[in-house]
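Only one structure is covered here, and it is reproduced in the block below.
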Amino acid sequence: MVVVGASLAGLRTVEAFRRAGYDGPLTLVGAEPHLPYDRPPLSKRFLDADEPPRIPTYRDESHLRDLGVELLLGVPATGLDTDFSEVVLDGSRLPYRTLVIATGAHARDLPGVAVDGVHTLRTVDDATALRRDLDAARRVVVVGGGFIGSEVAAAARKRGLEVTIVEAAPRPLVRAVGEQMADACSSLHARWGTELRCGVGVREVRGNGRVENVVLTDGTSLPADVVVVGIGASPTTDWLTGSGVTVTDGVVCDETLATGVPGVYAAGDVARWTNGLFAREMRLEHWTSASEQATAVARNALNPHAAAAHHSVPYFWSDWYGQRLQMVGTCDGADVVLFGDVWADRWLALYREGDRVTGALSLNLPARIMKFRALIHRRAPWRDAVELAETVWSVV
Ligand code: FAD
């Protein structure tokens, strides 16, 4: 068994292989030099904690040694030869009987920017470099008002910096939470003193060696000591070129996370699979999904003849300004019913399509949201969700 990508999905896959009783050879290959570590803190505590933080590794090396996992770190896979069932590494080849692709995603860059002080955020090395620059900064421009950009903005505000978010769309987060709730989420920025400029893009990032200004498409020039580009991530699939594995914005898998190439599976941010629960393809970039897919892929890879469809209700959380946003399910084409007031410290929104509840979004209701996840998983009727929401709401 070979797993390529030594982060959340990769680690959870090798753990699940062993839990399921597989006791043969197992290799985990990772491009980064670090042991598998947790990414969510990188845009949160890692940036705003007073003390320089340690790398948030999940476990130490002895954990993997105890599992009998051969760990190849700092070793990117450069190709995949499916004819000979071999992963191509720099200068060597690693044979597999079963391969799990868990190479995640990488941050998208602003093209044509050649000054220092401009950051993307995906790895712990990115976060370390960003933290160092924030230490000396006064004004920060965040390009992109998505979740990671918003978390970075909140961390920079906590440090007392002046922060402007530039968002090209008329409002941020629409794809994630829908039109109606996008404003409710982004209103948190105004409350905590972050300026949000929507419907305008970045024309140029200027500076003499180091960033000094961000020039917007409407001609405005924003002074900046640090720029953070948070315009999304792309699945890391370049190494699969020519391998015969189908890639279309991610590694295309069936309901069981199998790619169709014998013995080859995918899990985590890189996987685009058919989620039967919603009858469509999805590629999720959420911590919980990566972890759950890892368990499912290990089970299916060990028992291909009894492979089960992986059904999952998307779930993510995001922390801004000490507030917790959580979303379960989907928001596509749904009507929204709001419980509470979007200017208050807590609210809950339910998403409805016909007679079904398809999603729920909450602010500061951490223990409650998973109940809605369970309802969506069992395709509960709308009235069950409203009943639950009324109960939840009556006790907050
Ligand atoms: P990744 O974590 O991307 O790991 C893929 C690994 O594969 C990397 O280590 C990479 O170096 C390695 N790799 C790539 N190419 C190769 C190759 N050719 N050979 C070998 N190795 C390779 N989710 C939430 O739900 N809530 C949050 O609050 C949240 N916050 C986040 C904050 C940040 C800053 C980031 C970046 C992500 C956040 N996420 C959050 C998303 C969550 O962290 C991801 O969904 C999760 O990390 C996905 O795990 P993965 O293992 O699939 O991919």
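So if I check each of Leu47, Leu121, which one is in a loop (DSSP other than H, G, I, E, B) and buried (at least 17 other Cβ atoms within 10 Å of the Cβ)?
Step by step, each of Leu47, Leu121 is checked, and only Leu121 is in a loop (DSSP other than H, G, I, E, B) and buried (at least 17 other Cβ atoms within 10 Å of the Cβ).
Which of the residues that make up the range 12-32 are more than 10 Å from the ligand (Cβ to nearest atom) and assigned to a strand (DSSP E or B)?
Passing the criteria: only Thr27.
Go over the candidates Ala129, Ala107, Ala136, Ala102 one by one and state the one that is at pLDDT 95 or above and over 26 Å from the mean Cα position of the chain (by Cα).
From the options Ala129, Ala107, Ala136, Ala102, the qualifying one is Ala136.
Restricting to the range 308-320, what's the tally of residues that are touching a residue at least 60 places away in the same chain (Cβ under 8 Å), over 18 Å from Arg368 (Cα atoms) and either within 14 Å of the ligand (Cβ to nearest atom) or hydrophobic (A, V, I, L, M, F, W, C) (or both)?
Summing the residues that are touching a residue at least 60 places away in the same chain (Cβ under 8 Å), over 18 Å from Arg368 (Cα atoms) and either within 14 Å of the ligand (Cβ to nearest atom) or hydrophobic (A, V, I, L, M, F, W, C) (or both) in the range 308-320 gives 1.
Table: residues versus (1) part of a helix (DSSP H, G or I); (2) within 11 Å of the ligand (Cβ to nearest atom); (3) surrounded by fewer than 18 Cβ atoms within 10 Å (Cβ to Cβ).
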position: His34; (1), (2), (3): no, yes, yes
position: Leu42; (1), (2), (3): yes, yes, no
position: Glu51; (1), (2), (3): no, no, yes
position: Ile55; (1), (2), (3): no, no, yes
position: Arg59; (1), (2), (3): no, no, yes
position: His63; (1), (2), (3): yes, no, yes
position: Leu72; (1), (2), (3): no, yes, no
position: Thr78; (1), (2), (3): no, yes, yes
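Restricting the search to the range 184-203, which residues are more than 16 Å from Ser318 (Cβ to Cβ) and in contact (Cβ under 8 Å) with a residue 24 or more places away in the chain?
Gly193, Glu195, Arg197, Cys198, Gly199, Val200, Gly201, Val202
Based on what the data block shows, is Ala168 surrounded by 19 or more Cβ atoms within 10 Å (Cβ to Cβ) and more than 21 Å from Leu348 (Cβ to Cβ)?
No; evaluated as a whole, the condition is false for this residue.
Is at least one residue of the range 290-307 in a loop (DSSP other than H, G, I, E, B) and either within 16 Å of the ligand (Cβ to nearest atom) or touching a residue at least 24 places away in the same chain (Cβ under 8 Å) (or both)?
yes
For the range 185-264, which fully contained strands (runs of 3 or more DSSP E) count at least 3 residues that are at pLDDT 95 or above and crowded, with 17+ Cβ neighbours inside 10 Å?
Passing ranges, in order: 202-208, 210-216, 226-229.
When you scan the range 47-68, how many residues do you find that are touching a Leu at 6+ places or on another chain (Cβ under 9 Å), of a type in the set (A, V, I, L, M, F, W, C) and farther than 13 Å from Gly10 by Cβ?
The number of residues fulfilling the criteria is 2.
Can you tell me which residue in the range 113-124 is farthest from the ligand (Cβ to nearest atom), limited to those that are touching a residue at least 60 places away in the same chain (Cβ under 8 Å) and over 16 Å from the mean Cα position of the chain (by Cα)?
Top of the filtered list is Val115.
The values are calculated or read from the model by the stated rules, or taken from the named source; none is laboratory data. Nothing here was measured: the structure is a model prediction, and the numbers come from that model. Reconstructed Cβ throughout: ideal geometry from the backbone, glycine too, with neighbour counts over all protein chains shown.
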